[in-house]
1. How much net charge surrounds Thr221 when only the other residues with a Cβ under 12 Å from the Cβ of Thr221 are counted, with Lys and Arg +1 and Asp and Glu -1?
2. Taking the Cβ of Tyr85 as the center, what net charge do the other residues with Cβ under 15 Å away carry, scoring Lys and Arg +1 and Asp and Glu -1?
3. Going through the cross-link list Lys58/Lys186; Lys40/Lys223; Lys45/Lys222, which pairs have a Cα-Cα distance over 30 Å in this structure?
4. With 10 angstrom as the radius, rank Arg109, Arg194 by how many other C-beta atoms surround their C-beta, starting from the fewest.
5. Net charge around Ala55, counting only other residues with Cβ within less than 11 Å of its Cβ (Lys, Arg = +1; Asp, Glu = -1)?
6. Would you list Trp144, Trp189 from fewest to most Cβ contacts within 10 Å?
7. Residue separation times 0.36 nm, minus the C-alpha to C-alpha distance between Ser209 and Arg243: what's the value?
8. For the peptides 259-272, 240-253, what is the packing order when you average, over each peptide's residues, the other Cβ atoms within 10 Å and list the highest mean first?
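Nothing in this text is a laboratory measurement; each read-out follows from the coordinates by a stated rule. This is a predicted model, so every value here is computed, not measured. All Cβ positions, glycine included, derive from the backbone under ideal geometry; neighbour counts span all protein chains shown.
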Amino acid sequence: MAEQADQLRQWIKRQSIRAQEEVLNVRIKGSRVVAITSGKGGVGKSHITLNLALALQKLGQRTIILDADLGLANINILLGYEPSYTLWDVVQQHLSIRDVLQKGPLGLRIIPGASGISRLASLEAKEIQGVIEGFKELESECDWLLVDTAAGISPGVLSFVLAADEALIVTNPEPPALADAYGLIKSIWQVQGRVSLQLIMNRSASLRSGEEMGMRVISLTKKMLNQDVGFFGAVREDSHTSRAIARQTPLVLLYPASPAAQDIGDMAERMIHRIKPAKRGRWEQFIYRMGKMWSSVET
Ligand SMILES: Nc1ncnc2c1ncn2[C@@H]1O[C@H](COP(=O)(O)OP(=O)(O)O)[C@@H](O)[C@H]1O
Ligand SMILES: [Mg+2]
């Protein structure tokens with residue numbers, strides 16, 4: 001039984017790698033700024049961002065999370081600590097990004113967001129520019145920047161998404177989440193973003209059903225919008241998830257053998273094998289695009 005399940009996992013792994021390769025061709029080699037986003041809230045973005053980052057660290061990849069959910073920052077809550085400083089201090093120019101970097105488990109670093117400061121969700125272009133400039137300092141020190149965004153299609157969210165090399169759109173099998181994932185893809189398509197789009201089907205009953213459900217959304221976007229979206233992977237519904245969250249300890253550390261932790265670990269492996277080592281200057285493109293985006297949405 002266990003062997004069968006293992007074979008199934010291997011099969012799905014091969015299928016999704018093939019699907020990703022077909023969709024992606026060679027375009028995104030070298031990318032490493034990855035936005036994790038969703039149409040609907042509460043679908044698992046922050047949880048997946050944190051655990052994916054830790055899975056990357058386990059594989060020797062130096063990773064930084066930018067908690068960019070500027071209204072409801074909660075990476076720190078998932079880790080059970082109160083950050084001394086946040087992005088807010090960077091915006092106010094008290095501190096540099098390096099000063100606010102928090103150390104997480106396994107050497108992970110986090111740029112904490114600031115919850116409840118509504119002003120942060122509507123920053124002016126000049127202020128955002130300052131934050132973006134701060135990233136330049138960090139480029140040579142890490143392999144991946146994972147950006148955990150807010151849900152929805154506000155200009156603020158879209159600008160983070162469009163500035164990234166790759167956007168992972170998290171959804172789940174429930175119809176409202178599927179509809180909102182499609183809505184988000186459509187919004188990105190409407191502004192003709194160059195970002196590569198990948199779908200994550202979280203809370204799937206099984207890997208196979210998750211992939212099938214994901215492929216339905218992908219076929220729809222191809223048919224209606226002629227927009228390519230890759231299937232990044234499924235993460236199974238797993239009761240260990242809420243237990244880990246309740247204990248404010250990341251799933252991949254507390255229950256590394258749980259189904260969802262394994263699925264996220266597999267994603268991290270695919271990520272580093274699929275996306276080739278970065279060329280110099282990739283972050284600069286992110287920074288440049290963010291700057292352009294913010295000046296166009298905020299003015
Ligand atoms: N694979 C999963 N299995 C079971 N529950 C999950 C799973 N992924 C997420 N959840 C639940 O969904 C909740 C919301 O996750 P969260 O990462 O905060 O969402 P978001 O950042 O998209 O708002 C979590 O508190 C957790 O209880
Ligand atoms: Mg969140």
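1. Charge balance in the 12 Å sphere: +3.
2. -1
3. Table pairs above 30 Å Cα-Cα are Lys58/Lys186.
4. Arg194, Arg109
5. -1
6. Trp189, Trp144
7. Between Ser209 and Arg243, full extension yields an extra 9.8 nm.
8. Put in order of decreasing packing, that is 259-272, 240-253.
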